[in-house]
1. Hey, can you grab everything whose amide H is under 5 Å from the amide H of Arg138? Only 5+ residues off in sequence or another chain; H modelled, so Pro and N-termini drop out.
2. Only Lys, Arg, Asp and Glu count, each charged at its Cβ (+1, +1, -1, -1), so figure out the dipole size of region 69-137 about its Cα centre, rounded to 20 debye.
3. For region 308-319, take each phi angle, set θ = phi - 60°, evaluate the Karplus expression 6.51 cos²θ - 1.76 cosθ + 1.60, and give the result in whole Hz per residue in order, putting x for glycine and proline.
4. Just to confirm a number: summing +1 for Lys and Arg and -1 for Asp and Glu over residues other than Gly200 whose beta-carbon lies under 15 angstrom from that of Gly200, what do you get?
5. Is any residue of region 306-320 close enough, with backbone N under 15 Å, to a label point placed 7 angstrom from the Cα of Glu56 along the Cα-Cβ axis, and if so, which?
6. So how tilted is helix 212-249 from the main axis of the chain? Cα-based, degrees 0 to 90, rounded to 10.
7. Rounded to whole Hz and in sequence order, give me ³J(HN,Hα) for region 103-113 from the Karplus expression 6.51 cos²θ - 1.76 cosθ + 1.60, θ = phi - 60°, writing x for Gly and Pro.
8. How would you rank 75-88, 223-236, highest first, on the average number of other Cβ atoms within 10 Å across their residues?
Amino acid sequence: MTDHPPDTAPSRLFTVARRLGTEMFTLAITLLGLLAMTFLIGRVVPIDPVLSIVGERATQEQYDAVRLALGLDEPLWKQFAIYVGDAVQGDLGTSIRTREPVLTEISRYFPATLELATLATIIGVLVGVPAGVLAATRPGTLADQIVRIVGLMGYSMPVFWLGLVGLLVFYGQLGWVGGPGRLDASYEMMMEFTITQYTGMILIDTALNGNWPMFANAFSHIILPAGLLGYVSMAYISRMTRSFMMNELGQEYITTARVKGMPEWRVIWVHAMRNVLVPLITVIALSYAYLLEGSVLTETIFAWPGLGSYITNALFAADMPAVLGGTVVVGAVFVALNMASDILYRLVDPRAR
């Protein structure tokens, strides 16, 4: 009989430290690859960053001075090393349009996207998961057909068309929601002087300040774009939930649970859902990351001052530091959400620990 070494506290600590080190190394390599990609994009696009700064009427001496200040006279490997070093310190460059640090500008725009994407994801999950379960437990019925058709429409209809129709009907004709922007013009002027901004997200900040009229106005503005994006997210989540749940309901342990007389709701929402949650976490994380990336068309239609609009406007203005800085932030968001989903795996499924 073989003796196994006891599972002592030092050995567990070593295992945890080794896993943490591996994850940190993987994270560092991923972020380094992201920075390498954005660096190469900034070098291959047919836009001269020096010319964008000095203008076409600058003298050769002015052009050379700015080029020297940007370090573009250095070898490519050294430029990349400088770029990585600056990024690690939180320096993503300076916007050509505003002469402000890119990270400072992104910190002003990102909360609007975070607020919109979070509310949309909540709507998508609260509606999509029950709809997917309903369709999976009643395959071929009218409920299943309705869920599938509604999901198909969410995939097929152009987002910009849905946004325009939503504004026309719910804002223009019925007046049920607020118009474009995050607040009415009157509240927009008051906000800077009457609201202490803790997070940059209007719903949270107005609630913390107890300004409920402004909260209601902000909610009337966000509910339509969030509902639109939530519908698109719901279409994806409901479809995947249906697929995962149908696969689990065909497993032997589900049949055994039913034979033992276990209530159907417990079979579905406890036993089957426990295994469905593992792949569903990835689906929800990817959907959330997509919305945090900045739904450009939705933000443009609703005049939403988010990250997608920021990157788009910077691209049209040939402001490459802003474009690349925004790209780095988007990539970092994807990496962070992937790590968060890995952590949730281990909390939900003990086999993944």
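None of the figures in this text is laboratory data; all of them are computed from the coordinates on show. Only a predicted model underlies this, so the values are computations on that prediction, with no experimental measurement involved. Note that we place each Cβ from the backbone using ideal geometry, even for glycine, and neighbour counts take in every protein chain shown.
1. Amide H neighbours of Arg138, under 5 Å, 5+ apart: none.
2. I would put it at about 200 debye.
3. Result, rounded to whole Hz: x, 5, 4, 5, 5, 5, 5, 5, 5, 8, 6, 8.
4. Local charge sum for Gly200: -3.
5. So the set is 318.
6. Approximately 50 degrees, to the nearest 10.
7. Per-residue couplings from phi come out as 5, 5, 5, 4, 5, 7, 8, 5, x, 5, 5 Hz.
8. Taking the mean over residues of other Cβ atoms within 10 Å, the ranking is 223-236, 75-88.
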